[in-house]
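Enquirer: Mind looking over this structure? Questions follow.
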Amino acid sequence: PGLKEWFRSSGINAEYGPGLKEWFRSSGINAEYGEWTSIKDADDLPFGNLPFIEDEGKKISQSVTVLRYLARKYGLFPSDPADILHCEIVEQELYDLRNKMSSVCYNPYSGFGPFPGSEIGKFDHEFLKGRFAKRVAERIPKFDKILTKQFVLGDKPCYVDFLMYEILDQLRTFLPSTFEGCENVAAYMGRFMELPGLKEWFSSDDYKKGNYINAPMAEWHGKN
């Protein structure tokens, strides 16, 4: 109760922040949704960015901060220092890959909203995609080596599993060949999809329709 998730557009998954939408679906918590434009300049939301949640009068922004906050509140954050360190290393590796993927998919020279585009900048999506594919092909086998348990830390998922599944799923959709031969990764993602609250979503018509991974203006947005 008292938990509200704020968003810009319910049709674009990218607006939610990696890991958050799967967490909400699996948690069974009924979050109330609010329209971001009505509150983005609030004094208690210093940077006015997305995603953010409002919980019992507190506004919390930044994707990882929100995910960690919810994990601590609902028992999905590890207590052992070694486990915390492992999760944070995995978390940052995932974000490194996701940020690199964004730089491949969004043209930094195009105009957007009030910002004019460049007249001389050149964006080569296919070239950048090829270079990024080499990086992903080198990193995914490393994930395969660490995913030897049911989930990242053991038999039960923790907060970083929600981040892990979503970013790996996005990368697999974008560059499917880089996942070939990584059986531990494939098995891990299959187990995640069977979690209560998520199994129903992954078998639903809404999921099968496909969703945006990046915003519609991206060179590659992932929508079927």
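Enquirer: Take the residues in the stretch 48-72 that are open to solvent by 80 Å² or more (accessible area, probe 1.4 Å) and within 23 Å of ILE167 (Cβ to Cβ); name whichever of them is modelled with the lowest pLDDT.
Expert: By that ranking, first place goes to GLN62.
Enquirer: From (1) over 21 Å from ILE89 (Cα atoms); (2) of a type outside the set (A, V, I, L, M); (3) within 17 Å of the chain's Cα centre (by Cα); (4) open to solvent by less than 70 Å² (accessible area, probe 1.4 Å), pick out the condition that doesn't hold for ARG191.
Expert: Failed condition: (3).
Enquirer: Answer yes if at least one residue in the stretch 84-106 is in contact with a Gly (Cβ under 8 Å, 6 or more places away or on another chain) and either open to solvent by 40 Å² or more (accessible area, probe 1.4 Å) or more than 21 Å from PRO216 (Cβ to Cβ) (or both), and no otherwise.
Expert: No; the residues of the stretch 84-106 include none that is in contact with a Gly (Cβ under 8 Å, 6 or more places away or on another chain) and either open to solvent by 40 Å² or more (accessible area, probe 1.4 Å) or more than 21 Å from PRO216 (Cβ to Cβ) (or both).
Enquirer: Among the numbered conditions (1) open to solvent by less than 30 Å² (accessible area, probe 1.4 Å); (2) farther than 26 Å from GLY75 by Cα, tell me where MET164 comes up short.
Expert: (2) is the only condition that MET164 fails.
Enquirer: Okay, moving on. Only one of (1) part of a loop (DSSP other than H, G, I, E, B); (2) open to solvent by 60 Å² or more (accessible area, probe 1.4 Å); (3) in contact (Cβ under 8 Å) with a residue 24 or more places away in the chain; (4) closer than 21 Å to ASP124 by Cα is not met by LYS223, so which one is it?
Expert: Going through (1) part of a loop (DSSP other than H, G, I, E, B); (2) open to solvent by 60 Å² or more (accessible area, probe 1.4 Å); (3) in contact (Cβ under 8 Å) with a residue 24 or more places away in the chain; (4) closer than 21 Å to ASP124 by Cα one by one, LYS223 breaks only (3).
Enquirer: Right, next: Where the second residue is surrounded by fewer than 17 Cβ atoms within 10 Å (Cβ to Cβ) and of a type in the set (Val, Ile, Thr) and the first is in contact (Cβ under 8 Å) with a residue 12 or more places away in the chain and lies in the stretch 86-104, which pairs have Cβ atoms under 9 Å and are six or more apart or on separate chains?
Expert: Qualifying pairs under 9 Å: HIS86/ILE146; VAL90/ILE146.
Enquirer: Would you pick out the residues in the stretch 187-216 that are of a type in the set (Ser, Thr, Tyr) and at pLDDT 90 or above?
Expert: If the condition is that a residue be of a type in the set (Ser, Thr, Tyr) and at pLDDT 90 or above, then TYR188 is the only one that fits.
The values are calculated or read from the model by the stated rules, or taken from the named source; none is laboratory data. Quick caveat: nothing in here was measured; it's all calculated off a predicted structure. Heads up, the Cβs are rebuilt from the backbone with ideal geometry, glycines too, and the neighbour counts pull from every protein chain shown. These area figures cover heavy atoms from the full protein model, side chains too; ligands, DNA and RNA do not enter into them. Shrake-Rupley method; radii C 1.70, N 1.55, O 1.52, S 1.80 Å.
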